[in-house]
Each structure stands twice: as structure tokens, then as C-alpha cells.
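First up is the structure itself, then whatever we jot down about it.
The values are calculated or read from the model by the stated rules, or taken from the named source; none is laboratory data. Keep in mind the model is a prediction, meaning the values are calculated, not measured. Here the Cβ positions follow ideal geometry from the backbone for every residue, glycine too, while neighbour counts run over all protein chains shown. We work out accessible area using only protein heavy atoms, side chains counted, and drop any ligands, DNA or RNA first. Shrake-Rupley method; radii C 1.70, N 1.55, O 1.52, S 1.80 Å.
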Amino acid sequence: MRSAKSVSRLIGVLLFVQLVGLSLPFILLMPAITPGFIENAAGMASQIKVAVFLLFANGALTIGIAIAAFAVFREHSYGMALWFLAFSIIWFSLQAVDNAHILSMLSLSRQYADGGGANAELFQTLGKAARSTRIWVHYTELLVIDTWFFLFYSMLFRFKLVPRALAGFGLIAVILHTAGITLPVFLGYSSVMPMGFSLALSHLAVGTWLLVKGFKERLPSQAVPLETQI
């Protein structure tokens, strides 16, 4: 079995890739999913497809992180390791649903570009409905993503796999991201987008630590019996 240090270095690299996989598609999609997407998305079809592919690949990568970390996390809590893997699969599944909605919006824009201008009012109504549905799917996925990050940093903090100050910063970053970006859509208050940047900083910090220092190794005498891990 791989040592905790080799596993942590792999996870550190994957965290950097995951951060790119979360940020770059968002940048690529921003001009295409605005309220005027009906007129604009068709002209950015290739850009949208690349973003969707990256989001899909990032969802798969998330499962890869959970599988790679499972051997380390299960030594501390088998139950939490399983929950972490489960939320990775849920993330991937909801991302697939979100991608389907994005591509449906692209199809609607293409139909409008191919001659739907004569029924502009109808297409605008359909566009508003499609975009609204996609928003609800996307923010439901964000709740799952925030839960995934919270589980990740909770295990790092609880089991002292990295310095607790670093893991604690990650937990605070997740809470800020949830409060500033995810919950406003459900609770009806204004989003505070800068509150989400702290999560990127914590991801960079933890990824760097795992590459340089790795997880704290558990001594054989500290092993926890399987029946007490859950």
C-alpha cells in the first residue's frame, strides 16, 4: 500500500488540477449563460462545449481524489471516508445534470439563430425558463460541493493530518463560500462574490502543504480498530 506521504502528494497535485477545473469553465461559461444567452450562446458553441467537458472531467477527478484519500481517511474513520466518497459521486452526478441543462440552453440558442427570430417572444420566454431551471440545478450542486469541501477539511482538522490552523482556515473558507455565494439563492439575500475567493486560497495552501510536507503519518501504536472507526 502507498505511504501517506505519496498519497498526499498525489492528492496535492489533484487539488491544484481541481481548482483549475472549477475556475476555468466558470470563466468560459460566464458570457454564455447571462440573461442574453439566447442571442449569444450559439456563437460560442465550441467554448461552451469545452467548458462542459472540463466540468465533467473535474467531477470525475473529484471521485479520484476521494478514492486516493480513502486509504488514509479510513484509518481514522471508515464512516467519514465513505461519506466523502459518496458526496464525490453525488457531485459528479449533479454536474452531469448541470451539463445537460447548459447544453440544452445552447441548443435553444442555436434554434433561435437558425430562424427563431420570428418567434422572438416565445424564445425569450423559453430562455428565461431554461436559465432559471439551470440556476436551481447549479446551486443545488454548489451545496453538495460545499459539503464535500467541508467533509474534506473536517477530516484534515479532526485527525490532524495537516496543521489545524491550515485545516481551520479551510473550514472557515467553506463557510464563507456557502454564506456568500450558495445560500443567497435559497434564502433570498444578495450574494457577496468576494467571499468565495477564500476557498481558492485555502485550496492552494492545503495543496501546497500536501506536496511539500504530506499528511501526518499515523504511528502503528495509534491505529484505530475498524469497529471503532465509524
### Task
Determine the dipole magnitude for the chain: charges of +1 sit on the beta-carbon of Lys and Arg, -1 on that of Asp and Glu, nothing else is charged, the reference point is the Cα centre, and the result goes in debye to the nearest 20.
760
### Mean accessible surface per residue for the chain, computed with a 1.4 Å probe while every protein chain stays in place, in Å²
50
### Query
Considering only protein heavy atoms and a 1.4 Å probe, what is the carbon-and-sulfur percentage of the accessible area of the stretch 166-222?
75
### Summary
Env charge @ Gln124, Cβ radius under 15 Å, K,R +1 / D,E -1, value 0
### Task
Determine the sum of side-chain charges near Phe157: Lys and Arg each +1, Asp and Glu each -1, restricted to other residues whose C-beta is under 14 angstrom from that of Phe157.
+4
### Query
Of the heavy-atom accessible surface of the stretch 3-105 (probe 1.4 angstrom), what whole percent is carbon and sulfur?
77
### Query
If you average the sequence gap of Cα pairs under 8 Å that are 6 or more apart and divide by the length of the stretch 62-219, what percent do you get for the contact order?
18
### Query
Local charge sum around Phe37 (other residues, Cβ-Cβ under 12 Å, Lys/Arg +1, Asp/Glu -1)?
+3
